[in-house]
Amino acid sequence: VQLVETGGGLVQAGGSLKLSCAASGRIFSSYSMGWFRQAPGKEREFVTAISLSGTNTYYADSVKGRFTISRDNAKNTVYLQMNSLKPGDTAVYYCAARDGQRIGVMVKDYDYWGQGTQVTVSS
């Protein structure tokens, strides 16, 4: 499966952005999906994930209550709504797909990755 993220950009602290990840290739609904991020000089870290049907979601503590993951299987797209953004959220955000129904929280859990989209939050 191929993944393409869009929607990144520059936003002031307290603002919002919505990222999209469009998938092509195999059946999108057979993949659980996740978002990760990587700041300069840091390791890639888990942000959030969603199950095949969208029923189950999981969030890192750092984004809980501010970010919302969702998916539209008819459009082969997963979304990340980011509200109340902080400078610490600045990173390249990556979409990832995992074959199967289990939600993963580690980089090694995922089989396919997008190229990433930059999110910069200014103070």
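The values are calculated or read from the model by the stated rules, or taken from the named source; none is laboratory data. The structure presented is a predicted model; accordingly, all values stated were derived computationally and were not measured. Cβ placement follows ideal geometry from the backbone for every residue including glycine, while neighbour counts extend to all protein chains displayed. Quick note on the areas: whole protein, heavy atoms, side chains included, nothing else; ligands and nucleic acids left out. Shrake-Rupley method; radii C 1.70, N 1.55, O 1.52, S 1.80 Å.
Details
- Put I50, I103 in order of accessible area, highest first, and with a 1.4 Å probe you get I103, I50.
- Region 1-60 - charge dipole about Cα centre, Lys and Arg +1 at Cβ, Asp and Glu -1, debye rounded to 20: 40 debye
- Region 25-100, dipole about Cα centre (Lys/Arg Cβ +1, Asp/Glu Cβ -1), debye to the nearest 20: 80 debye
- Heavy atoms of the protein chains alone define the surface here; on that basis region 21-123 has 50 Å² accessible area per residue at 1.4 Å probe size.
- Anchor K42: lysines whose Cα lies under 20 Å away (excluding residues fewer than 8 positions away in-chain): K86, K108
- Percent carbon-and-sulfur accessible area, the chain, ignoring ligands, DNA and RNA, probe 1.4 Å: 48 percent
- Point-charge dipole on Cβ atoms (K/R +1, D/E -1) for region 73-119, about Cα centre, debye to 20: 80 debye
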